[in-house]
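To start, the structure itself, in structure tokens.
Coordinate-derived values only; no laboratory data. For clarity, every value in this text was computed on a predicted model and none was experimentally measured. When we count neighbours, we look across all protein chains shown, and the Cβ atoms used for this are built from the backbone with ideal geometry, even at glycine.
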Amino acid sequence: MPIEEALAPLPEDSESLKALLYALRLEQQREKQRADQEQQRANQLHLENLREKQRANELYLENLQLQKELFQLKKLYCGPRADRLQSEAEIAQALLEFAEQLEQKPIHPQDVPPQSKAAAEPEYELRRVKKRKGRRALANFDHLPTTTHVHELKPEERACPGCGQQRKEMGEETSYQVDYIPGHFERIEHVRKKYACPHCESQAVDPQIEVAAKPETAIDKGLAGPGLLAFIVTSKFADYLPLYRLEDIFERQGFEISRATQSIWCGDVADLVQPLYLLMASEVRKSHVVATDETTMPMLNPGQTHPARMWVYVGDEDHPYNVFDFTLSRGRDGPKQFLKEYNQVLLADAYGGYNGVVVSNQMTRAGCWAHARRKFVDAEKTAPEIAREAVALIGRLYAVEKQAKELSVTERLELRREHSVPVLAELRARLLQWKEQLLPKHPMAEAVNYALGQWQELNVFANDGAVTIDNNVSEREMKRVVLNRKNSLFVGNERGGRTAAILASLTSTCRRHDVDPQLYFTQLLMNLPQTKMSELAEWLPDRWKLRHAQRLSELLITTTAAS
């Protein structure tokens, strides 16, 4: 449009022009206000959209977390305890059901491929038949004492039904049974003879009376003998029978021993063997690698139980002892006090209570791949593909460990550097990718962050052949403590916790060396009161086992020579 036509309607006087400009300016301001309001409403809608999106993400994460917790609870109460992916079992079950359905369907004759005469003939294939175990070998029972029962025909039964003559013995058939004779109590009477000098007595002087000495006992002037004490300790700390059950067992056998008395006796035994316990602890601190773990051990307290802790420290093969330590809290003071000057390798989970002692003692801290794998298994339902790939990569690390099980430390380290290090590099790259993909609070992100946060500790085994890939050795010992806790519920006081730690250390070490704790404690309690401190190390379970085997060998040689 020409400018003249656009300006034609404009008024000629200045007042009208001013009024028109003022009206246009007001309209412009109103338009700007409307635009600002629209922008403000748009911003509010955007903020609401972001809040809704954030709320949706929070609900999504909360749903995933609930799924994870539900899966863990189902696994705890109904499922297997092994760290296996549930999806693998579901796939196997689905394939099994598919195969069953496929077998039930009829086959159409046209679907059967034609067979030649040669193909129609049956093919023979070599199959490996698994040999059944069958009955136990009788040689496994040769060490048991034998009572022989001879069964003969009565004189009237020996008459021959054919001719009436007496039949003669021509041989025998032998068979075996294994019977159990319940234990029983015996009262051991100690008679101490007194001696006096009759000559001095006749001279009206001191007759020099002397009483024969009685061997020192585990409990001074105590009623319980070493065998009874050994049975109570073994039942409580190796077989995990609570004392109230032992009280019922003893009552059935005709002798009442209250649980309070048994508890006092256990404390007395712990006081006696404490020097041996301290020696084991000092030996563990000489290890190159110490594996540790802890669990709750409730202690009676007014009002409610106090959450005390039980720790375990497992020495290496050169110092093969398992030592438990009881503390009133889960703080760093427990490991700090026990480990003292230890500065080698500490194998543990990611618990922060170890951080202080690791830094102050300048230790090398090794991580546990079993814990890392468990994080992925627990979060499997929230991201199955990631869990499957992560567990598969960790499984390749364990496959290398299976090959290196019987190798020396040097050979194991070479094998790990050749096969495990590349897997670790691949796993780390995948962890970083998954971290970028997942929301920060995603349950699977927790598993990824755990592995990345512990990456330096988890790689220690790849640089030290003496370090194991996981901390399962100490976790197994903790499971036995949990079993004892489940049956006995709690310890009565701090002394009871210390007693449990001392006696569990000895029974656990006996189990580690395949030693009968009943026999070990019986001989230990008979001899330890007379043992010198310089000879104390000979009563460590591993050394006692060697001496006991040597004594049995010498006894067998002597018996063979005498016969």
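Shape of the range 368-470 from its Cα gyration tensor (a ≥ b ≥ c, root eigenvalues): rounded if a/c is under 1.5, otherwise prolate when a/b > b/c, or oblate?
prolate
How high is the FRET efficiency from Asn49 to Thr261, r the C-beta distance, R0 45 Å, rounded to 0.05? Numbers along the way, then the final one.
On the way: r = 73 Å, r/R0 = 1.63.
My answer for the efficiency is 0.05.
Cα axis of helix 517-527 to longest principal axis of the chain: angle in degrees, 0 to 90, nearest 10?
60
For Leu17, Leu415, which order do you get if you count the other beta carbons within 10 Å of each Cβ and list the fewest first?
Leu17, Leu415
Going by the alpha-carbon gyration tensor, a ≥ b ≥ c the square roots of its eigenvalues, is the range 136-240 rounded (a/c under 1.5) or, if a/c is not under 1.5, prolate (a/b greater than b/c) versus oblate?
On the way: a/c = 5.24, a/b = 1.98, b/c = 2.65.
The shape class here is oblate.
Calculate the translational D of the chain in whole µm² s⁻¹ from Stokes-Einstein, where the hydrodynamic radius comes from the Kirkwood formula applied to all Cα pairs, the temperature is 25 °C and the viscosity 0.890 mPa s.
Result for D is 76 µm²/s.
Find the Rg to Rh ratio for the range 407-448, where Rh is the Kirkwood radius over alpha-carbon pairs and Rg uses the same atoms. Mind dumping the intermediate values first?
Numbers: Rg = 15.0 Å, Rh = 12.0 Å.
In the range 407-448, Rg relative to Rh is 1.25.
In nm, to one decimal, how far is the Glu317 label point from the Val191 one, both placed 7 Å along Cα→Cβ?
Using points 7 Å along Cα→Cβ, the separation is 5.6 nm.
Relative to the first principal axis of the alpha-carbon coordinates of the chain, what is the inclination of helix 259-284, with its axis defined by its Cα atoms, in degrees from 0 to 90 and to the nearest 10?
70
Tell me, what is the FRET efficiency for Asn472 and Gln530 to the nearest 0.05, using R0 = 56 angstrom and their Cβ-Cβ distance as r?
0.90
With contacts defined as alpha carbon pairs under 8 Å and 6 or more residues apart, what's the relative contact order of the chain in percent? Each step should come with its number before you reach the end.
On the way: 556 pairs, mean separation 96.5, N = 563.
About 17 percent, as a whole number.
What is the packing order of peptides 30-41, 530-541, taking the mean over residues of other C-beta atoms within 10 Å and listing the highest first?
The packing order, highest mean first, is 530-541, 30-41.
Can you give the angle from 0 to 90° between the axis of helix 369-378 and the longest principal axis of the chain, with both taken from C-alpha atoms, to the nearest 10?
Roughly 60 degrees, rounded to the nearest 10.
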